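All remarks here apply to the structure that follows.
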Amino acid sequence: HMIRCHLSALMHRDKLRIADVARLTGLNRSTVTALYRNTATRIELPAVDLLCALFRCSVGDLLEYVADEPGRPA
């Protein structure tokens with residue numbers, strides 16, 4: 001099972017760069033980069049709150065649960 005982050009799509013929609021998101025939210029650039037690349041292993045709720053406020057979206061627009069594909073090792 002995997003949680004997929006749609007930060008890159010939201011950033012593309014609003015024409016923002018990683019540095020812009022870090023500056024506008026106050027989040028660490030490495031945090032934004034990990035979410036952008038879908039390599040983050042954890043995210044704090046205040047970070048989710050800041051990102052949802054910036055992009056005027058819901059948590060479900062930012063994060064998505066994706067079930068394992070059949071036949072794919074867990």
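The values are calculated or read from the model by the stated rules, or taken from the named source; none is laboratory data. Because the structure is predicted, anything quoted here is derived from the model rather than measured. A quick note on method: Cβ atoms are made from the backbone with ideal geometry, for glycine too, and the neighbour counts reach across all protein chains shown. Remember, those area values only see protein heavy atoms, side chains included, never the ligands or the DNA or RNA. Shrake-Rupley method; radii C 1.70, N 1.55, O 1.52, S 1.80 Å.
Accessible area per residue for the chain is 70 Å², calculated with a 1.4 Å probe on protein heavy atoms, without ligands, DNA or RNA. Its Cα gyration tensor gives the chain an equivalent ellipsoid, and the semi-axes of that ellipsoid, as √(5λ) in whole Å with the largest first, are 23, 12, 11.
Protein-only accessible surface at a 1.4 angstrom probe places the residues Tyr65, Tyr36 in the order Tyr65, Tyr36, largest first. Per residue, the average separation of C-alpha pairs within less than 8 Å and at least 6 apart gives the chain a relative contact order of 51 percent. Inter-part distance, region 34-72 to region 1-28, computed on C-alpha centroids, equals 10 Å. Counting Lys and Arg as +1 and Asp and Glu as -1, what is the net charge of the other residues whose Cβ lies under 10 Å from the Cβ of Ile18? My count for the surroundings of Ile18 gives +3.
Expressed as a whole percent, the accessible area of the chain that falls on carbon and sulfur atoms is 54 (1.4 Å probe).
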